[in-house]
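Asks: Below is a structure I'd like to ask you about.
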Amino acid sequence: MMKTAESSRIYGLVAEFDSSEALLKAAEQVRDAGYTATDAFSPIPVHGLTDALGVRPSRLSSLVLMGGLTGACVGLGLQAWVSILAYPHIISGKPLFSWPSFFPVVFECTVLFAAGSAVFGMLIRNRLPQPYHPVFSTPHFEKATTDGFFLCIQANDPKYDGQETMAFLKGLRAIEVTEVERHPDDEDKS
């Protein structure tokens, strides 16, 4: 589908559902229909919703592992450099590279670097902080924190077509389907 100036200002369509079961069923039908750029908003955890949306597993665990290994290497390397090269002192007949005594610092550096990788990796991958999101302008979206269940199909989805997608979402027995516009500052980023 060709992007026109009119369609580039649209973020997507948001459908409101009355229960978590209806949201889960709708998410499965949206995934089965071939939509991939989707998101769901719910005030409670809905078991199976990530699978229903077709969300791939996160690669954050690999980043945390790499951060932890880097921390272990930095902790061990720093202590080895200090003990062997910078301040070589023989204390109580111990060798300069006394690796058993290095374990507490190596452990702490591993935890520090892994935790830092987890925090900063999560912030970057989730594009946070994000004080504004286009779906915030959806009518009744404040109910997403109390008793509203919302499903969004983004306009950048390859299968997205305004009227067809609107009809499809209405066919899923949504309470309301709303077209959401992009924030004016985000139009140049699309």
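The values are calculated or read from the model by the stated rules, or taken from the named source; none is laboratory data. Only a predicted model underlies this, so the values are computations on that prediction, with no experimental measurement involved. Ideal geometry is used to build each Cβ from the backbone, glycine not excepted, and the neighbour counts take in all protein chains shown.
Asks: Testing Phe97 on (1) in a loop (DSSP other than H, G, I, E, B); (2) closer than 30 Å to Leu49 by Cα, one condition comes back false. Which one is that?
Replies: All conditions are met except number (2).
Asks: Which of the residues that make up the range 100-133 are part of a loop (DSSP other than H, G, I, E, B) and among the aliphatic types (A, V, I, L, M)?
Replies: Leu128
Asks: Then there is this: Determine which member of the set Leu24, Leu13, Leu49 is touching a Gly at 6+ places or on another chain (Cβ under 7 Å) and not assigned by TED's automatic domain parsing to the domain that holds Phe113.
Replies: Leu24
Asks: Another question about this same structure. If you scan the range 49-99, which residues turn out to be under 30 Å from Ala33 (Cα atoms) and surrounded by fewer than 11 Cβ atoms within 10 Å (Cβ to Cβ)?
Replies: Scanning the range 49-99 gives Arg56, Pro57, Arg59.
Asks: While we're on this one: Confirm whether Ser92 is more than 30 Å from Val30 (Cβ to Cβ), over 27 Å from the mean Cα position of the chain (by Cα), not assigned by TED's automatic domain parsing to the domain that holds Thr38 and not in a helix (DSSP H, G or I).
Replies: Against the criterion (more than 30 Å from Val30 (Cβ to Cβ), over 27 Å from the mean Cα position of the chain (by Cα), not assigned by TED's automatic domain parsing to the domain that holds Thr38 and not in a helix (DSSP H, G or I)), Ser92 qualifies.
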